[in-house]
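Data block below; observations after.
The values are calculated or read from the model by the stated rules, or taken from the named source; none is laboratory data. Please read all numbers here as calculations on a predicted model, not as lab measurements. Cβ atoms come from the backbone with ideal geometry, glycine included; neighbour counts cover every protein chain shown.
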Protein chains: 2
Amino acid sequence: MEELEILGGSIELPKGFLASGIFAGIKKSKKDVALIYSEKVANAAAVFTTNKVKAAPVLLDMKRIEKGIAQAIIINSGNANACTGEKGFEDAVNMAKKVSQLLKIDEENVLVCSTGVIGAPLPMEKVLKGIEAAAENLSTEGGYQAAEAIMTTDTFLKGVTAKFVIEGKIVTMTGFAKGSGMIHPNMATMLSFILTDASITKVALNKAFKETVDKTYNMISVDGDMSTNDTAVILANGEAQNKIIEEGTHEFDVFYKALEYVNKTLAKLIVKDGEGATKFMEVNVINAKTEKDARLAAKSIVNSNLVKTAIFGEDANWGRILAAVGYSGADFDASRVDIYLKSMKGEIKVCENGGYIFFDEALAKEILKEKEITVTVDMKAGEYSATSWGCDLSYDYVKINGSYRT
Amino acid sequence: MEELEILGGSIELPKGFLASGIFAGIKKSKKDVALIYSEKVANAAAVFTTNKVKAAPVLLDMKRIEKGIAQAIIINSGNANACTGEKGFEDAVNMAKKVSQLLKIDEENVLVCSTGVIGAPLPMEKVLKGIEAAAENLSTEGGYQAAEAIMTTDTFLKGVTAKFVIEGKIVTMTGFAKGSGMIHPNMATMLSFILTDASITKVALNKAFKETVDKTYNMISVDGDMSTNDTAVILANGEAQNKIIEEGTHEFDVFYKALEYVNKTLAKLIVKDGEGATKFMEVNVINAKTEKDARLAAKSIVNSNLVKTAIFGEDANWGRILAAVGYSGADFDASRVDIYLKSMKGEIKVCENGGYIFFDEALAKEILKEKEITVTVDMKAGEYSATSWGCDLSYDYVKINGSYRT
């Protein structure tokens, strides 16, 4: 196993990790409390929502992650513990405290995540009982249950495991995520947890995580709204016993590549499960002047309601794509841009040098009938590229998000 | 008539203006060429789309408006003359040239606007014949026909006339606009034309126009996508014979107030005619630290798909409103924010100090059943406020914009 081995859809916990997922009664009938535990204190890195309105657990974790270590993560679904004031913060602290008491670990090394309804107090009695049950149920086989317990309106479970070799030692990295289903009746939240038994320095872990998050979760769009609870965390506990990975080494590159793969896989699964989504769209902006220009353009396209509805309507409407690039803030010359549409059915150029060219409308229609569409925007201005992922905007998006809470 | 007199819905051309609207065959059956003409060269100001992808007529007008004067505006609907390269620019120039020949005026004083399909060449033969017909039909009663000829998917005509007195002279200001209907199969465009017989300096006109545009057209959102063709122009020809209005005078304030009223009326009409819109929403952000913070927050709320679908769904979902403020870039303290919902049926506070408070859900439902909803966000941080206007996001928006062009 010289290269990256991917166990798609599988959640195989790396050495030294245990997990569980149980039903505590926060939701009506589905699992709603998950616990992740590393037998050894792990190096850790995390990214959080940049929304100024941050849920209580986000505020707690932002502080705790500063020291670059963690040993457990307690997660509840069904209630976001957001816009809940000082009481909400106390509740988050008490969730962590309960975990630290049960597992006999340092309270400061417990992170907390919540997802669900905004502005309602956590039912703490149920939550604390749920934490007890979750601690009792911890197992090396519990990854799947934990991934189940963080789901909200997700229609399928999102997990992936990668294995790779660092100087003869097999390293496992598993990730699972939820999103971007709308938490009825409130808002979408993305949570993502990556666990690995790699031995890696805090600095290298932080760099690899932040950079790959930027290329993956930060390049997807379901509806352009940003949650109060978005959190992605990685724990690396060193139990694979590999020589510690440092920045600027070949081993770092191997680790980075695996992490990028895991994050990208989860990001794409999140988009594919976007509310009401009927089609998946990958946007490649190529030959941009700078990486920033490529990223701005790629994100603007997947965020555009007009592009999303055109994809839903199977309409080769390149004018909307070009216009979305136009207001993206990217620096580019519109009169040089070429645009291509691609799917399993073939590929066609629909715009050349920023203008109309003849193309086979029947073929365009065939291409756009597929479920997975790739849009390529060639800026012909430089060497940088970026990829983003999104879904279409359908009647069902409006239905799911427009239904009155009852 | 000491104060502002408003002739809602009426388009009464000010002294010295003529206009016409005719059918030239660019569209299938509806009027598609409009001409506006001032007997005297008028002082002029304009604002244009900030999209980097600009239609040919926008590029032409941006150059011509620099000298602050204009005498005629030729407008076609049905074809946006956007993404049409050098040929498109030549076509725009030739539209103006034709007008200048027919009306015997300086070519440089003719502005051009187009709205419609992107990426298709203008049918110039039809356009030039249409311009001849439009010139022949110019009349002091032609404002209504001109307003009709700029419509695309608009479901009603948008016009307003205001009258006010400047030192004993009656001044008339009339405005008409189109948008934000989607130009099937391409994109929404806003065009707005304000004509007045006021005598006002170029500097004062420019200041008043840019500032009021910022508070009106720049504070509305239908779908957050920005067109390649958006243009708003004002012509002031001085035929009211009032003493020339300069900045910093009482007369300037009177003019400014009238202009703000006219622009705001048109902006609100555009939103009310938003594609698929079933509800109109006014958002007031009050007591912000700075004007910028108030504007960012107000715009973010009307732009949020989640807020739009909540309004469509008649759901008092204050968490989505607060979250949209959170990612707006505005500086504020979430734990101080109060949120109110209001309509003809009453007003309720749904969020206090950034958190849940008890409110009457039945009353909230009654309030949100109305067609016009006001959202007030009190930041309790300063003295600045801003207002934005938007519509809901409905099944019909998806239907209108997701239908394949045929």
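So here's what we get for this one:
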read-out	value
Qualifying residues in segment A:321-339 (those that are under 29 Å from the mean Cα position of the chain (by Cα), assigned to a helix (DSSP H, G or I) and at the interface with chain B (Cβ under 9 Å from one of its Cβ atoms)) - the one nearest to B:K52 (Cα to Cα)	A:G326
Residue among A:E136, A:E125 that is farther than 23 Å from A:K15 by Cα, surrounded by fewer than 16 Cβ atoms within 10 Å (Cβ to Cβ) and either away from chain B (no Cβ under 14 Å) or modelled with pLDDT of 95 or more (or both)	A:E125
Filter pass, B:V398 being over 28 Å from A:Y395 (Cβ atoms) and either in a strand (DSSP E or B) or at the interface with chain A (Cβ under 9 Å from one of its Cβ atoms) (or both)	no
Unmet criterion (only one of (1) closer than 27 Å to B:V127 by Cβ; (2) touching a Leu at 6+ places or on another chain (Cβ under 9 Å); (3) modelled with pLDDT under 95) for B:Y37	(3)
Segment B:270-297: number of residues that are of a type in the set (G, A, S) and either closer than 14 Å to A:V398 by Cα or free of Cβ contacts under 8 Å to residues at least 40 places away in the same chain (or both)	2
Selected residue (criterion: farthest from the other protein chains (Cβ to nearest Cβ)) from residues of segment A:288-320 that are assigned to a loop (DSSP other than H, G, I, E, B) and touching a helix residue (DSSP H, G or I) at 6+ places or on another chain (Cβ under 6 Å)	A:A316
Residue satisfying all of: in segment A:39-53; facing another protein chain (nearest Cβ under 8 Å) and not polar (S, T, N, Q); surrounded by the most Cβ atoms within 10 Å (Cβ to Cβ) among these	A:V53
Selection within segment B:61-90 - surrounded by fewer than 24 Cβ atoms within 10 Å (Cβ to Cβ) and of a type in the set (D, E)	B:E66, B:E86, B:E90
Counted residues, segment A:56-106 - those being polar (S, T, N, Q), within 14 Å of another protein chain (Cβ to nearest Cβ) and out of contact with any helix residue (DSSP H, G or I) (no Cβ under 7 Å at 6 or more places or on another chain)	1
Candidate set: segment B:21-36, residues that are buried (at least 24 other Cβ atoms within 10 Å of the Cβ) and not aliphatic (A, V, I, L, M); chosen: the one farthest from the other protein chains (Cβ to nearest Cβ)	B:G21
Residues that are touching a residue at least 60 places away in the same chain (Cβ under 8 Å) and either among the aromatic types (F, W, Y) or touching a His at 6+ places or on another chain (Cβ under 9 Å) (or both), drawn from segment A:298-339	A:F312
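Table: residues versus (1) modelled with pLDDT of 95 or more; (2) touching a strand residue (DSSP E or B) at 6+ places or on another chain (Cβ under 9 Å); (3) farther than 15 Å from B:G85 by Cα; (4) outside the structural domain of A:A298 (by TED's automatic domain parsing).
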{"position": "A:G313", "(1), (2), (3), (4)": "no, no, yes, no"}
{"position": "A:G319", "(1), (2), (3), (4)": "no, yes, no, no"}
{"position": "A:Y327", "(1), (2), (3), (4)": "no, no, yes, no"}
{"position": "A:Y340", "(1), (2), (3), (4)": "yes, yes, yes, no"}
{"position": "A:I348", "(1), (2), (3), (4)": "yes, yes, yes, no"}
{"position": "A:G354", "(1), (2), (3), (4)": "no, yes, no, no"}
{"position": "A:I367", "(1), (2), (3), (4)": "yes, yes, yes, no"}
